[in-house]
Amino acid sequence: MVCLGNICRSPLAEGILQDKAFKAGLNWSIESAGTDSYHIGDPPHPLSQKVARMSGIEICDQRARKFAAEDFERFDKIYALAKDVIDEMKRIAKDKFDESMVDLLMNELYPGENMDVPDPWSGPEEGYHRAFEMINAACEAIVERASANPSQGVAVKTSLNLK
């Protein structure tokens, strides 16, 4: 899970997907990173922690790290939370960038629509709740798909009103 600073959206995505995978009995290791180095070593934003905790997910022990080209060697799938993040990932990874491993998280719900999860960083708490809702729905789709027969796929029942 990759966003810009690794303190708002991607820590939520890491925590939400790890929680859902664990509850579904999936032995997945989920991590998050940011394409910028502003917050390396910092915990998630207090409002990200708050909205996660409100849903029983604890993310306070996470620490921001910078996305690295080697992440393409370490992970099977890399989700970006916004289109500009993918551009930064390409810049960082250079020839190690593998387009087949990368997608926007919201494409799990809305394939090919290339929707961003808005960055709540400088806004009010409401933006963090909205980001949580969007990420939660996309992560639910990922886990539902993986929990069904993976060789045949599954129609995802999760929906989210984005109006």
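Worth a mention:
- Cβ-Cβ distances below 7 Å connect the following pairs, each with a first residue in region 9-27 that is at pLDDT 95 or above and surrounded by fewer than 20 Cβ atoms within 10 Å (Cβ to Cβ), a second residue that is in a helix (DSSP H, G or I) and among the hydroxyl-bearing types (Ser, Thr, Tyr), and a separation of six or more residues or different chains: Ala24/Ser147.
- Taking the criterion of being aromatic (Phe, Trp, Tyr), open to solvent by less than 30 Å² (accessible area, probe 1.4 Å) and not in a helix (DSSP H, G or I), the residues of region 53-81 that qualify are Phe67, Tyr79.
- Residue within region 89-102 that is crowded, with 17+ Cβ neighbours inside 10 Å, at negative phi and hydroxyl-bearing (Ser, Thr, Tyr) present: no
- Among the residues of region 105-137, those identified as open to solvent by 30 Å² or more (accessible area, probe 1.4 Å) and polar (S, T, N, Q) are Asn114, Ser122, Asn136.
- Qualifying residue in region 140-148 (condition: outside any helix (DSSP H, G or I), surrounded by fewer than 15 Cβ atoms within 10 Å (Cβ to Cβ) and either of a type in the set (A, V, I, L, M) or under 16 Å from the mean Cα position of the chain (by Cα) (or both)): yes
- Every residue from region 92-126 that is within 18 Å of Leu4 (Cα to Cα) and touching a residue at least 40 places away in the same chain (Cβ under 8 Å): Ile92, Leu105, Met115, Val117, Asp119, Pro120, Trp121
- Per-region count, region 114-149, residues farther than 15 Å from Ile30 by Cβ and among the β-branched types (Val, Ile, Thr): 1
- Residues being of a type in the set (S, T, N, Q), assigned to a loop (DSSP other than H, G, I, E, B) and out of contact with any strand residue (DSSP E or B) (no Cβ under 6 Å at 6 or more places or on another chain) - total across region 82-122: 1
The values are calculated or read from the model by the stated rules, or taken from the named source; none is laboratory data. This structure is a prediction, so every number in the text was calculated from the model and none was measured. Note that each Cβ is placed from the backbone with ideal geometry, even for glycine, and that neighbours are counted across all protein chains shown. For accessibility, only protein heavy atoms count, side chains too; no ligands or nucleic acids. Shrake-Rupley method; radii C 1.70, N 1.55, O 1.52, S 1.80 Å.
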